[in-house]
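The next block holds one structure in the form of structure tokens; read it before the comments.
The values are calculated or read from the model by the stated rules, or taken from the named source; none is laboratory data. On a predicted model such as this, the values are computed, not experimentally measured, just so you know. Using ideal geometry, Cβ is built from the backbone for each residue, glycine included, and neighbour counts are taken over all protein chains shown. These accessible areas exclude ligands, DNA and RNA; they are computed on the full protein's heavy atoms, side chains included. Shrake-Rupley method; radii C 1.70, N 1.55, O 1.52, S 1.80 Å.
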Amino acid sequence: DQQVKQNSPSLSVQEGRISILNCDYTNSMFDYFLWYKKYPAEGPTFLISISSIKDKNEDGRFTVFLNKSAKHLSLHIVPSQPGDSAVYFCAATPGAGSYQLTFGKGTKLSVIP
Amino acid sequence: DAGVIQSPRHEVTEMGQEVTLRCKPISGHDYLFWYRQTMMQGLELLVYFNNKAVMDDSGMPKDRFSAKMPNASFSTLKIQPSEPRDSAVYFCASSLVGYNSPLHFGNGTRLTVT
């Protein structure tokens, strides 16, 4: 039973355009969400997070949107750059002292120059 | 800051052999996590420590896996005996106190059991 789902295994976007990566979750106890980025042969690195008390968090070119009623979050990258090509993982935690991060299976983003 | 350091980067072993994976967390981080990544399951939490004590090992097959953290700067994940289904990339991660502190991952150990 996958509690965090990234339904698109891959996504291709032209350089300079917007990349939108989606994530759905089923556990209503999740209240903190994170995105990690992973290059080949490296570990995931933290990108951006959002608490359930917010519906948007922005950091430079990266914005995460949270729709609690739909149990859906998305990561927007604007403008996309070739260096953004990587696998992006969505993760969620119930918070309240829980360190149980549940990860999605990832979406491979390719930004085409 | 050197980040989380894992060794070895690659390990190839035969079924039935003992395998030991090593991890040095970031200095000052109180939490240490072992994750396993496979194509089928994605990233799964095996075990995590807080101040060297095991907090949750419910994701770890206990008949063959064992995890230890003898001091604040070193942890091991041991598999004995290893099986082909253990083939995966094993990541160690550490974080500061606070449930919303991001995890800092090492570069992983790619384990192949033949």
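Which trypsin sites (Lys or Arg not before Pro) does region B:62-114 hold that lie in a coil by DSSP with at most 13 other beta carbons within 10 Å? Mind showing how you got there, number by number?
On the way: sites: B:LYS62, B:ARG64, B:LYS68, B:LYS78, B:ARG85, B:ARG110; in loops: B:LYS62, B:ARG64.
Answer in residue order: B:LYS62.
What is the dipole size for the protein assembly as shown, taken about its Cα centre, with +1 at each Lys and Arg Cβ and -1 at each Asp and Glu Cβ, in debye to the nearest 20?
Working: 22 positive and 20 negative charges, 26 e Å.
The dipole of the protein assembly as shown has a size of about 120 debye.
So how do B:THR114, B:THR109 rank on accessible area, 1.4 Å probe, biggest first, that is with the largest at the start?
B:THR114, B:THR109
How big is the equivalent ellipsoid of region A:1-88 along its three axes, where each semi-axis is √(5λ) from the Cα gyration tensor, reported in whole Å from largest to smallest? Walk me through the intermediate numbers first.
On the way: eigenvalues 94, 45, 30 Å².
Square roots of five times the eigenvalues give 22, 15, 12 Å.
Rounded to whole Å, give me the distance from the Cα center of region A:46-113 to that of region B:13-58.
Between the Cα centres of region A:46-113 and region B:13-58 lies a distance of 24 Å.
Cross-chain or 8 or more residues apart, Cα under 19 Å: how many lysine pairs in the protein assembly as shown fit that? Count them up, please.
24
Which of the residues in region B:83-114 lose at least 50 Å² of accessible area when you go from the chain alone to all protein chains together (probe 1.4 Å)?
B:TYR99, B:PRO102, B:PHE105
To the nearest 20 debye, what charge dipole does chain B have about its Cα centre, counting +1 at the Cβ of each Lys and Arg and -1 at the Cβ of each Asp and Glu? If you can, show how the numbers build up before the last one.
Numbers: 11 positive and 11 negative charges, 32 e Å.
Using only the charged Cβ atoms, the result is roughly 160 debye.
Report the normalised scattering of chain B as log10 I(q)/I(0) at q = 0.10, 0.11 Å⁻¹, calculated by the Debye formula with identical scatterers on the alpha carbons.
-0.26, -0.31
In debye, nearest 20: dipole of region A:1-87 around its Cα centre with unit charges on the Cβ of K, R (+) and D, E (-)?
Values: 9 positive and 9 negative charges, 23 e Å.
Around 100 debye, computed over region A:1-87.
Can you pull out the GluC sites (Glu not before Pro) in region B:12-55 whose DSSP state is coil and whose Cβ has at most 15 other Cβ atoms within 10 Å?
On the way: sites: B:GLU14, B:GLU18, B:GLU44; in loops: B:GLU14, B:GLU18.
Sites meeting the loop and neighbour criteria: B:GLU14, B:GLU18.
Could you work out the mean count of beta carbons from other protein chains within 10 Å of each residue's beta carbon in A:60-69?
Taking the mean over all residues of the peptide, I get 0.
Using a 1.4 Å probe on the protein chains only, how many percent of the accessible area of region A:2-113 belongs to carbon and sulfur?
That fraction is 51 percent.
For a distance above 27 Å, tell me the whole-number percent of Cα pairs in the protein assembly as shown that qualify. Don't jump to the answer; show the numbers that get you there.
Details: 8729 of 25651 pairs.
Distances greater than 27 Å cover 34 percent of the Cα pairs.
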